[in-house]
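Data block below; observations after.
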Amino acid sequence: MLKIAIITGSTRPGRNNEAVANWVCRSAKERKDAEFELVDIACYNLPLLDEPMPPLFAQYSHDHTKAWSDKISSFDGYVFVTPEYNHSTSGALKNAIDYLFREWQNKAAGFVSYGGHAGGARAVEHLRLIVAEVMVATVRAQVLLSLFTDFENFKAFKPGAQREKELSTMLDQLIEWSAALKALRSEAAEEAAVAGE
Ligand SMILES: Cc1cc2nc3c(=O)[nH]c(=O)nc-3n(C[C@H](O)[C@H](O)[C@H](O)COP(=O)(O)O)c2cc1C
């Protein structure tokens, strides 16, 4: 069974992120074609990147990095739930991504974003470029939530009627691509084993 992580994108006290990520997780868990788990970056207490070696070498010196690496390697795909901060994703999510390299490689991702008039679209455009560098393939369909219409008073999350359908379309694409890339990862693992790595 494919395993998909729903990754939070905000560590801010009073964040809207939690309600959105919980909604994604609840809805996803009704599906039978993959397993879903909420992964809250706030629980990993990652400081600003403090590893002496670049993540490409996977030589981690801190327990927080090892715990984050173990968690992220255990998935086939990811849903990033991102707010829009200054037309980009959050520094906290960028930092959490920067910590690792191989753990993300040859996997797929989809996005759920929220923000003002653009629904977090600009955050996702940046995030697509960021995860491309760690070799994550991003699906086209995405869920854009408006603080004006999908939240009451910018706080209480009440997603519009069409949002479930949009989420389902994104998850359909994510599961297909996560499954396709699994074959590539098995091939790479076999080659590494033959080379004695
Ligand atoms: C530092 C900061 C910058 C923001 N910049 C934008 C922005 O560029 N575009 C936008 O639509 N909303 C922006 N917002 C509003 C956030 O999208 C909104 O506050 C959202 O709830 C933040 O997510 P969070 O509550 O989960 O942390 C910004 C909020 C913060 C805190």
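The values are calculated or read from the model by the stated rules, or taken from the named source; none is laboratory data. Since we're looking at a predicted model, the values are computed, not measured. Backbone-built Cβ (ideal geometry, glycine too); neighbour counts: all protein chains shown.
Of the residues making up the range 160-183, those that are more than 20 Å from the chain's Cα centre (by Cα) and within 30 Å of SER74 (Cβ to Cβ) number 1. Return the total of residues in the range 119-141 being basic (Lys, Arg) and part of a strand (DSSP E or B). Qualifying residue count, the range 119-141: 1. Residues in the range 69-116 that are within 13 Å of the ligand (Cβ to nearest atom) and free of Cβ contacts under 8 Å to residues at least 24 places away in the same chain were compared, and the one that is nearest to ASP150 (Cα to Cα) is ASN86. Selection over the range 24-50 of residues that are in contact with a Ser or Thr (Cβ under 7 Å, 6 or more places away or on another chain) and surrounded by fewer than 18 Cβ atoms within 10 Å (Cβ to Cβ) gives a count of 2.
Annotation note: of GLU166, GLU187, GLU176, GLU152, the sole residue that is modelled with pLDDT under 95 and of a type in the set (Asp, Glu) is GLU187.
Does SER27 meet the test of being of a type in the set (Ser, Thr, Tyr) and more than 15 Å from the chain's Cα centre (by Cα)? Here the answer is yes, as SER27 does meet what is asked.
Filtered by the rule that a residue be surrounded by 12 or more Cβ atoms within 10 Å (Cβ to Cβ) and of a type in the set (D, E, K, R), the range 67-101 gives LYS71, ASP76, GLU84, LYS94, ASP98. Total residues in the range 1-33 satisfying the condition of being within 16 Å of the ligand (Cβ to nearest atom) and either touching a Cys at 6+ places or on another chain (Cβ under 7 Å) or of a type in the set (S, T, N, Q) (or both): the figure is 7. Looking only at the range 147-193, residues that are without any contact (Cβ under 8 Å) to a residue 40 or more places away in the chain, surrounded by 13 or more Cβ atoms within 10 Å (Cβ to Cβ) and of a type in the set (Lys, Arg) come to 1 in all. The residue list VAL143, VAL136 contains one member that is under 12 Å from the mean Cα position of the chain (by Cα) and either crowded, with 16+ Cβ neighbours inside 10 Å or of a type in the set (Gly, Ala, Ser) (or both), which is VAL136.
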